[in-house]
Amino acid sequence: MGISAKDVKALRERTGAGMMECKRALEEVGGDLDRAVDILRERGLAAAAKKAGRSTTEGLVESYIHAQGRIGVLLEVNCETDFVANTADFHSLAHDIALHIAASQPLYLDRQEVPEDQVEHEKNLLRVQAQNEGKPEAIVEKMVQGRIDKYYKEVCLLEQPFVKNPDVTVEQLVKEHIARLGEQIRIRRFVRYERGEDMVAEPASC
């Protein structure tokens, strides 16, 4: 099949690999972008993978206030140098991620942050759901694993579809900027506030 220049450019932005390497990888997998990314990473050609171990001590703390003060987000994004931290592209990335957090309400950064007892609680609920649906025991565990993966995609920031472009995850968005800016970038932490959240209603006065 023919590989479009648009697909080659998209793969290059996600990996930082050369144009010809990107084209060859896409040809090998019939145009499947995600599989092409994996191939380039396996071959050590993906810039994002090469930069994974590098130190990130610069960056910025981004704030975002939405809906006339009803929702607020604080987010720390790190990079390697203050030069990149001061670029418009890096600031735009931080702003977009903060906006995404306001809209999509992630609870954790990634799977490693989800408490193990919470994962087990979800698995038990999903297991009972599958059994109540009358599914054979032989496939219940497979269903539970599939549904827990979906749970991770709902609650983990890096696995959520990016609110401005659901065709990519937040993690893929970050990797595109790693390739574009030439530095390792990490989302370190975030907190989301919503007015009235977790407040206990006071009893009405007589």
Task: Answer residue from region 107-134, given it is among the β-branched types (V, I, T) and part of a helix (DSSP H, G or I) and is farthest from V191 (Cα to Cα) among those - done: V128
Task: Criterion: surrounded by 14 or more Cβ atoms within 10 Å (Cβ to Cβ) and either free of Cβ contacts under 8 Å to residues at least 40 places away in the same chain or within 22 Å of E80 (Cα to Cα) (or both) - qualifying residue of V140, V128, V155 - done: V140
Task: Contacts under 8 angstrom Cβ, first residue in region 21-42 being under 15 Å from K175 (Cβ atoms), partner surrounded by 14 or more Cβ atoms within 10 Å (Cβ to Cβ) and among the hydroxyl-bearing types (S, T, Y), 6 or more apart - done: C22/T15; V37/T15; L40/T15; R41/T15
Task: Of residues in region 9-36 being hydrophobic (A, V, I, L, M, F, W, C) and within 15 Å of R180 (Cβ to Cβ), the one modelled with the highest pLDDT - done: C22
Open item on the list: Within region 175-206, take every residue that is among the acidic types (D, E) and surrounded by 14 or more Cβ atoms within 10 Å (Cβ to Cβ) and give me the one that is modelled with the highest pLDDT.
Closed with: E194
Open item on the list: Condition first: of a type in the set (V, I, T), in a helix (DSSP H, G or I) and over 17 Å from V163 (Cα atoms). Now tell me which residues in region 74-97 satisfy that.
Closed with: V84
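The values are calculated or read from the model by the stated rules, or taken from the named source; none is laboratory data. Worth saying up front: this structure is predicted, and the values here are computed from it rather than measured. Note that each Cβ is placed from the backbone with ideal geometry, even for glycine, and that neighbours are counted across all protein chains shown.
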